[in-house]
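S.K.: Please see the structure below; I have some questions.
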Amino acid sequence: MTTQFSQDNWREHSGPRLLSYIRRFGLRAAVSAYVTLKLTRGLARVTVPQLRHPIQLRGGTSDRAVFQEVVVNELYALPSNSPAPRTILDAGANIGVTAVWFASRYPNATIVCVEPDADNYKLLCENIRLYRNVSAIHAGIWPRSTSLQILDPNAAKWAMQV
């Protein structure tokens, strides 16, 4: 089934998202990031003021939704009176959006990313490459020592489970 977007549908679906980008990034960076993410089917390189370095996201995957939640909506923002964290464990790091957001916000924190999916891990390593305080481990987390495997390799990229 194909969805045909009328002007009203565009306002309902795209308008609020674009406005949230503008509020968070300013007009120029918002339009650049939004258009890049909207039009790119392969690997998109996005630059926004909230991240110290550009980040790469895969078009047509859940990467854009993760970017929206973490960078645009600041899902993991701590209360302003909280002390800066010294160590952060990103268990299920996906492609590193959360890790680079934390690294940009807390440059003195040590951040360890754990990601079991090979495709996610490869892009995670690329996205954290310029962040000296972030490292990655290609593994899953389990309460005891054992071998792990991805349950559903066809799940959305942000829904990988071991």
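The values are calculated or read from the model by the stated rules, or taken from the named source; none is laboratory data. Just so you know, these numbers come straight off a predicted model, no measurement behind them. Backbone-built Cβ (ideal geometry, glycine too); neighbour counts: all protein chains shown. For the accessible areas, the whole protein counts, side chains as well, though only heavy atoms, and no ligand, DNA or RNA atoms are used. Shrake-Rupley method; radii C 1.70, N 1.55, O 1.52, S 1.80 Å.
S.K.: Please verify whether ASN108 is open to solvent by 20 Å² or more (accessible area, probe 1.4 Å), out of contact with any Lys or Arg (no Cβ under 9 Å at 6 or more places or on another chain) and on the phi < 0 side of the Ramachandran plot, treating the condition exactly as stated.
M.R.: no
S.K.: On the given criteria, is PRO85 at pLDDT below 95 and either of a type in the set (D, E, K, R) or farther than 17 Å from LEU51 by Cα (or both)? If you could, list the steps in order and put the result at the bottom.
M.R.: Details: at pLDDT below 95: no; either of a type in the set (D, E, K, R) or farther than 17 Å from LEU51 by Cα (or both): yes.
No; evaluated as a whole, the condition is false for this residue.
S.K.: Residues of segment 111-126 being within 21 Å of ALA77 (Cβ to Cβ) and surrounded by fewer than 21 Cβ atoms within 10 Å (Cβ to Cβ), which ones? Spell out the reasoning first.
M.R.: Of segment 111-126, the ones within 21 Å of ALA77 (Cβ to Cβ) are 111-113.
Result: VAL112, single match.
S.K.: Which residues, taken from segment 52-62, are open to solvent by 10 Å² or more (accessible area, probe 1.4 Å) and either of a type outside the set (Val, Ile, Thr) or farther than 25 Å from GLY92 by Cα (or both)?
M.R.: As a first pass, look at segment 52-62 and keep what is open to solvent by 10 Å² or more (accessible area, probe 1.4 Å): 52-54, 56, 58-62.
Within segment 52-62, ARG52, HIS53, PRO54, GLN56, ARG58, GLY59, GLY60, SER62 meet the criteria.
S.K.: Let me ask something else about it. Return the residue satisfying two criteria in turn: it lies in segment 134-150 and is farther than 30 Å from PRO107 by Cα and β-branched (Val, Ile, Thr), and of such residues it is least open to solvent (accessible area, probe 1.4 Å). Full working, then the answer.
M.R.: From segment 134-150, those farther than 30 Å from PRO107 by Cα are 144-150; that's our starting set.
Subset that is β-branched (Val, Ile, Thr): 146, 150.
On the way: THR146: 75, ILE150: 42 Å².
Only one residue fits best here, namely ILE150.
S.K.: Being closer than 26 Å to SER32 by Cβ and surrounded by fewer than 17 Cβ atoms within 10 Å (Cβ to Cβ) is the filter here, so list the residues in segment 70-105 that pass it.
M.R.: Within segment 70-105, the first condition is being closer than 26 Å to SER32 by Cβ, and the residues that meet it are 70-77, 93-105.
The answer is ASN73, GLU74, LEU75, TYR76, ALA77.
S.K.: Given the conditions (1) under 13 Å from the mean Cα position of the chain (by Cα); (2) surrounded by 19 or more Cβ atoms within 10 Å (Cβ to Cβ), and given that ALA65 satisfies all but one, which numbered condition is not satisfied?
M.R.: That leaves (2) as the condition not met.
S.K.: Restricting to segment 13-48, count the residues that are under 15 Å from ARG64 (Cα atoms), basic (Lys, Arg) and either at pLDDT 90 or above or surrounded by 12 or more Cβ atoms within 10 Å (Cβ to Cβ) (or both).
M.R.: 3
S.K.: Every residue in segment 96-115 that is among the hydrophobic types (A, V, I, L, M, F, W, C) and part of a loop (DSSP other than H, G, I, E, B), please. Break it down stepwise before answering.
M.R.: First, the residues of segment 96-115 that are among the hydrophobic types (A, V, I, L, M, F, W, C): 97, 99-103, 109, 111-114.
Correct list: ALA109 only.
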